[in-house]
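Peer 1: Below you'll find the structure I mean.
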Amino acid sequence: QVQLVESGGGLVQDGGSLRLSCAASRSFFVTYRMAWYRQGPGKQRELVATITGAGTTTYADSVKGRFTISRDNAKTALYLQMNVLRPEDTAVYYCNIFARVAPGGRIDDYWGQGTQVTVSS
């Protein structure tokens with residue numbers, strides 16, 4: 001059983017910064033992709049940023065230049081540095097890891113429980 005625990009959310013003013021963290025309860029045999037998603041009030045869950053096992057990063061257009069995704073070398077911790085936050089960034093942010101836990105095992109998607117980010121205007 002793999003658990004992902006997010007932290008770092010909170011209330012911040014327009015233009016402020018937050019750093020989200022996600023910690024996995026165990027290491028993975030192969031980590032294919034780590035990502036942050038978010039779901040705003042009345043909206044569908046959307047992809048915010050990804051980082052592959054090789055370290056390649058991608059971002060949603062709405063956060064490019066403001067958010068930075070990173071991970072530790074063990075690929076068991078994921079971070080999202082969020083700068084110049086805007087009210088439209090208000091959402092529950094979820095950590096996601098797509099990985100194989102053991103040799104020969106299946107590849108699974110793992111999700112955290114989410115952390116609330118609220119940006120006040």
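The values are calculated or read from the model by the stated rules, or taken from the named source; none is laboratory data. Computed from a prediction, not measured in an experiment: that's the story for all the values here. Using ideal geometry, Cβ is built from the backbone for each residue, glycine included, and neighbour counts are taken over all protein chains shown. Heavy atoms of the whole protein, side chains included, go into the accessibility calculation; ligands, DNA and RNA do not. Shrake-Rupley method; radii C 1.70, N 1.55, O 1.52, S 1.80 Å.
Peer 1: Please work out, to two decimal places, the log10 of the ratio I(q)/I(0) at q = 0.18, 0.23, 0.31, 0.32 Å⁻¹ from a Debye calculation in which every Cα of segment 71-110 carries one identical scatterer.
Peer 2: -0.69, -0.89, -1.12, -1.14
Peer 1: Percent of accessible area on the chain owned by carbon and sulfur, 1.4 Å probe?
Peer 2: 48 percent
Peer 1: Karplus couplings for segment 57-62 from phi (6.51 cos²θ - 1.76 cosθ + 1.60, θ = phi - 60°), rounded to Hz, Gly and Pro as x?
Peer 2: Using θ = phi - 60°, the values come out as 10, 9, 9, 5, 4, 5 Hz.
Peer 1: Shifting gears a bit: Count charges around Tyr93 for me, please; just the other residues with Cβ under 12 Å from its Cβ, Lys/Arg as +1, Asp/Glu as -1.
Peer 2: Working: positive: Arg19, Arg38, Arg45; negative: Glu6, Glu46, Asp89.
Within the 12 Å Cβ shell, the charges total 0.
Peer 1: OK, next. Report the residue, chosen from Asn83, Asn96, Asn73, that carries the largest GNM mean-square fluctuation when the chain is represented by alpha-carbon nodes joined by springs under 10 Å.
Peer 2: Looking only at Asn83, Asn96, Asn73, the largest GNM fluctuation is found for Asn73.
Peer 1: Considering only the other residues whose Cβ falls under 13 Å of the Cβ of Asp61, what net charge follows from Lys and Arg at +1 and Asp and Glu at -1?
Peer 2: 0
Peer 1: Please give me the summed charge of the neighbours of Thr31: other residues whose Cβ is under 9 Å from its Cβ, Lys and Arg +1, Asp and Glu -1.
Peer 2: Once positives and negatives cancel, what remains is +4.
Peer 1: Based solely on C-alpha atoms, express the radius of gyration and the Dmax of the chain in angstrom.
Peer 2: Values for the chain (Cα only, Rg and Dmax): 14.1, 50 Å.
Peer 1: Around Gly16, which amide H atoms from residues at least 5 apart in sequence, or from another chain, sit under 5 Å from its own amide H, with H modelled in the peptide plane?
Peer 2: Amide H neighbours of Gly16, under 5 Å, 5+ apart: Leu85.
Peer 1: With a cap of 11 neighbouring Cβ atoms within 10 Å, and only residues DSSP puts in a loop, list the trypsin sites (Lys or Arg not before Pro) found in segment 22-121. Write out the running numbers ahead of the final one.
Peer 2: Working: sites: Arg26, Arg33, Arg38, Lys43, Arg45, Lys64, Arg66, Arg71, Lys75, Arg100, Arg106; in loops: Arg26, Lys43, Arg45, Lys64, Arg66, Lys75, Arg106.
Counting only loop positions with at most 11 other Cβ atoms within 10 Å, the trypsin sites (Lys or Arg not before Pro) in segment 22-121 are Arg26, Lys43, Lys64, Arg106.
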